[in-house]
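See structure below.
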Amino acid sequence: MIHGGPGDIGGMRPVAERLGKTFGVMEPIQSQYTTIALVMELRRQLGLHIKEPITLIGHSWGAWLSLLVASCYPFLVERVVLVGCPPLEEIYAGHIHERRMKRLSKEEQERFIWYMKHMAAITAEGWEDLRQLMIKADHYAQKPNASSYTQMDGKMYERVWPEAIEMRRNGNLMRYIQSVACPIHIIHGDYDPHPLEGIINPLDSLCIPYRLQILQKCGHAPFDEIFAEERFYQILEQILRS
C-alpha cells in the first residue's frame, strides 16, 4: 500500500487493515524529501520484506511512485494498481483545480489556495480546516471520521510535489511509465476531480495496456466513500486473486 500526498503518512491505513485480514500486506512509510530518494527508499523497504514480486497499490501521488518503482525495479513488482491517480500529462492538470473550485465557495477557494501554497506552515487548526475543504472538493460522500488516521508532512509535500510536477511537465514521467512491463490496473471514482482522461489518454497514445474500473458515486479516495467502499474492495480482491 503506497500512500499519497506526498507526505500523507498513514493514508492507506484503512486499505492495509481491510486487506490484511486476507492477504499479506505492508504500508511503507515515506520519509525522504526528493522524488528519487523516495523511489530508492521504497526499493529498500521492499527488498527487506519481500521474497517474490508483489502488487503495489498506490493512491494519488502513491500511484505515480508505484509506477516509478515498477519502471526502475521491474523484478520487484508483479502488478500496479492506480487509485485516484493524478493526470500523467500536464495538459490535463488544470482540470483538477477547476473542478475543485466549482465545489467550493469563493471564501473557501481563497483558504484552499493559501493552504496549497503554504503546506509547511499550516497549524493544527489549519490542517483540520483543509481536511474539511478537501472533503467538500474531492469526495462524493465521505464516511464519518474518514482521514482522521492520517498525519500530513507538509514539508515533504512542498519539496517533493514540485519535483513530481516538473517530471510530468517535461515528459520524464511518461518516459518512465513507458518502460513499465507489469500489468497496470486503474480504479477511479466518477466524482474524482482528477480527470480520468489524463490517465488513459497518455497510456493509449503509447499503446500501454491497462484495465480500468470506474466507481460510481465516488471521489478521490474510494476507501473513504460511503457508496463506493465495498465495491472498491471487491475489485481489489479480484485483482489480487487473479
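The values are calculated or read from the model by the stated rules, or taken from the named source; none is laboratory data. Fair warning: this is a prediction, and the values are worked out from it, not measured in the lab. All Cβ positions, glycine included, derive from the backbone under ideal geometry; neighbour counts span all protein chains shown.
Exactly one residue out of Leu67, Leu56 is in contact with a strand residue (DSSP E or B) (Cβ under 8 Å, 6 or more places away or on another chain) and part of a helix (DSSP H, G or I): that is Leu67. Residues in the stretch 92-114 that are more than 19 Å from the chain's Cα centre (by Cα), in a helix (DSSP H, G or I) and surrounded by 13 or more Cβ atoms within 10 Å (Cβ to Cβ): Met101, Glu108, Gln109, Arg111, Phe112, Ile113, Trp114.
Evaluate the stretch 66-79: report whether one residue or more is of a type in the set (Lys, Arg) and in contact (Cβ under 8 Å) with a residue 60 or more places away in the chain. Checked the stretch 66-79: at least one residue is of a type in the set (Lys, Arg) and in contact (Cβ under 8 Å) with a residue 60 or more places away in the chain.
If the condition is being assigned to a loop (DSSP other than H, G, I, E, B), out of contact with any Asp or Glu (no Cβ under 6 Å at 6 or more places or on another chain), small (Gly, Ala, Ser) and within 29 Å of Arg103 (Cα to Cα), then the stretch 185-242 contributes Ala221, Ala228.
Hey, among the residues in the stretch 30-88 that are among the β-branched types (Val, Ile, Thr) and in contact with a Cys (Cβ under 7 Å, 6 or more places away or on another chain), which one's surrounded by the most Cβ atoms within 10 Å (Cβ to Cβ)?
Val80
Output yes when any residue across the stretch 124-146 is among the hydrophobic types (A, V, I, L, M, F, W, C), assigned to a loop (DSSP other than H, G, I, E, B), at negative phi and modelled with pLDDT of 85 or more, and no when none is.
Yes, the stretch 124-146 contains a residue that is among the hydrophobic types (A, V, I, L, M, F, W, C), assigned to a loop (DSSP other than H, G, I, E, B), at negative phi and modelled with pLDDT of 85 or more.
Would you mind stating whether Asp192 is exposed (fewer than 14 other Cβ atoms within 10 Å of the Cβ) and on the phi < 0 side of the Ramachandran plot? Spelling it out, it is not the case that Asp192 is exposed (fewer than 14 other Cβ atoms within 10 Å of the Cβ) and on the phi < 0 side of the Ramachandran plot.
Residues in the stretch 231-238 include none that are basic (Lys, Arg), at pLDDT 95 or above and under 17 Å from the mean Cα position of the chain (by Cα). Would you confirm, using the coordinates I've provided, whether Ala181 is among the small types (Gly, Ala, Ser), outside any helix (DSSP H, G or I) and out of contact with any His (no Cβ under 8 Å at 6 or more places or on another chain)? The answer is yes for Ala181.
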